1. Only residues that are at pLDDT below 95, under 16 Å from residue 75 (Cβ atoms) and not in a loop (DSSP other than H, G, I, E, B): list them for the range 1-41, please.
2. Does any residue of the range 47-63 turn out to be within 12 Å of the chain's Cα centre (by Cα), at negative phi and not in a loop (DSSP other than H, G, I, E, B)?
3. Taking the conditions exactly as written (more than 19 Å from residue 130 (Cα to Cα), assigned to a helix (DSSP H, G or I), under 14 Å from the mean Cα position of the chain (by Cα) and in contact (Cβ under 8 Å) with a residue 40 or more places away in the chain), does residue 74 satisfy them or not?
4. Could you look through the range 3-26, keep only residues that are out of contact with any strand residue (DSSP E or B) (no Cβ under 7 Å at 6 or more places or on another chain) and over 29 Å from residue 131 (Cα atoms), and pick out the one that is surrounded by the most Cβ atoms within 10 Å (Cβ to Cβ)?
């Protein structure tokens with residue numbers, strides 16, 4: 001087993017530790033992720049059935065994704081940094097923003113989602129699988 005994935009917000013008020021391996025590491029170019037990140041995509045690690053320890057109190061807001069999935073975004077109320085996402089209908093999934101990792105070099109995306117909404121100024125890294133939307137099945 002590898003070392004836990006640890007990280008948190010910019011000011012350190014909200015922290016996490018995750019024991020387990022990511023199910024997927026992916027970039028997403030949907031408009032929601034573009035707005036949230038302030039750039040051309042969001043970068044995420046999603047864990048399934050992992051042991052997650054949280055400290056600090058995050059604020060949450062919910063949004064409905066393109067496929068109708070409710071996503072609860074958690075961010076620090078002090079510095080405003082996005083930290084993680086939870087899915088009320090899928091409590092076994094836990095997703096963190098790659099930029100929130102203490103060791104961001106551990107992030108190694110294998111795919112880019114919603115490339116149909118991507119911009120020429122935010123190219124997909126060579127070798128990644130691409131999906132015009134969200135892959136299903």
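The values are calculated or read from the model by the stated rules, or taken from the named source; none is laboratory data. Bear in mind the structure is a predicted one, so any value in this text is a computation, not a measurement. Every residue, glycine as well, gets a Cβ built from its backbone with ideal geometry; the counts of neighbours run over all protein chains shown.
1. Those that are at pLDDT below 95, under 16 Å from residue 75 (Cβ atoms) and not in a loop (DSSP other than H, G, I, E, B): 32, 33, 35, 36, 37.
2. Start the filter on the range 47-63 by keeping residues that are within 12 Å of the chain's Cα centre (by Cα), which leaves 47.
The next check asks that each one be at negative phi; those that pass are 47.
Right, trim to not in a loop (DSSP other than H, G, I, E, B) and you get 47.
Looking for residues that are within 12 Å of the chain's Cα centre (by Cα), at negative phi and not in a loop (DSSP other than H, G, I, E, B), one finds at least one in the range 47-63, hence yes.
3. It is false that residue 74 is more than 19 Å from residue 130 (Cα to Cα), assigned to a helix (DSSP H, G or I), under 14 Å from the mean Cα position of the chain (by Cα) and in contact (Cβ under 8 Å) with a residue 40 or more places away in the chain.
4. Result: 13.
Here is a yes/no grid of residues against (1) under 16 Å from residue 5 (Cα atoms); (2) modelled with pLDDT under 90; (3) in contact with a helix residue (DSSP H, G or I) (Cβ under 8 Å, 6 or more places away or on another chain):
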position	(1), (2), (3)
47	yes, no, no
75	no, no, no
92	no, no, no
130	no, no, yes
134	no, yes, no
